[in-house]
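Notes follow the structure.
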Amino acid sequence: MLNIHVPKMFTALTIGLALTFGLFSLAQAELQETVPVGKFSLAQPGENFPPSWKPLTFEKIPTHTRYSLVKEGETVVVKAVSHQASSGITREIHIDPKKYPVVEWRWKVVNVLKNGNVYEKSGDDYPARLYITFEYDSTKVGFFEKTKYEAAKLIYGQYPPSGALTYIWESRSPIGTMVPNPYTDRVNMIVIESGETRLNEWITEERNVFEDYRKAFGENPPNISGVAIMTDTDNTREHAVAYFGDIIFKKSVNRQE
């Protein structure tokens, strides 16, 4: 599998650069009620990840989180183990969030981080994150930003995402907290779970990505360009274990246009 190296401060904005396989046809998607993104339950424990999922590593972080397919009960899921480490796994998948605004996933966290802090770079670690990245739109950036995107395309062969939402399991911030990532305001983090109350419990989460993007950035989202999962502890120098189940996008019958 291809191993991509990028600086951590550009994590969410460069996730799209790590993705070159697993494209999804929007025309095909329109015929479906759901769009499967991570069907880990169909894999076999111990085998390699599907080629649509690829590792994401960072230039200045030599120690990487370990991801493996394991069996939990009767279901195969992703296990993430991080010892003062950071890396993710990521997939490119093009989805229109107006048609499929809701993301659903399962996760389980074994421990939270004592020194995690959504407001500080030193605390920018979480036992579990789900990233949603969005396609670059040249009409929404200024001249200097556009120049940076064009330079990135020359280097990597494609534009990096214009922004991202990150759903996180935090240590102490209230559920529902929305805050820019301390490294870049093009990434907004949303606290979905917090604290130790639900540790070691499988939880099914559901978020309206369309509405979350509008709340975070004040405008309708462009197409979704990728999804990533991540467990990291490099800033806090701690240890974390988490599990991730299947990830799907689906239509919302309740969202107002």
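What follows draws every value from the coordinates through simple rules; no lab data is involved. What you see is a predicted model; the values in this text were computed from it and never measured. Glycine also receives a Cβ, built like all others from the backbone with ideal geometry; neighbour counts cover every protein chain displayed.
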| message | Starting from the 7 Å offset along Cα-to-Cβ, what nm value, one decimal, do you get for the label separation of Ser41 and Val70? | response | 1.9 nm
| Quick one: Met178, Met230, fewest Cβ neighbours within 10 Å first, how do they rank? | Met178, Met230
| Mean-position separation - Cα centroids, the range 34-59 and the range 189-210, in angstrom | 21 Å
| said: Taking loop as defined by DSSP and a crowding limit of 10 other beta carbons within 10 Å, which trypsin sites (Lys or Arg not before Pro) in the range 96-135 fit? | reply: Lys114
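Please give the FRET efficiency for Asp185 paired with Glu59, using the beta carbon to beta carbon distance and R0 = 22 Å, rounded to the nearest 0.05.
0.50
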| field | the range 65-95: GluC sites (Glu not before Pro) in DSSP loop, at most 12 other beta carbons within 10 Å | value | Glu74
| message | Taking the number of other C-beta atoms within 10 Å as the exposure measure, put Thr75, Thr231 in order starting with the fewest. | response | Thr75, Thr231
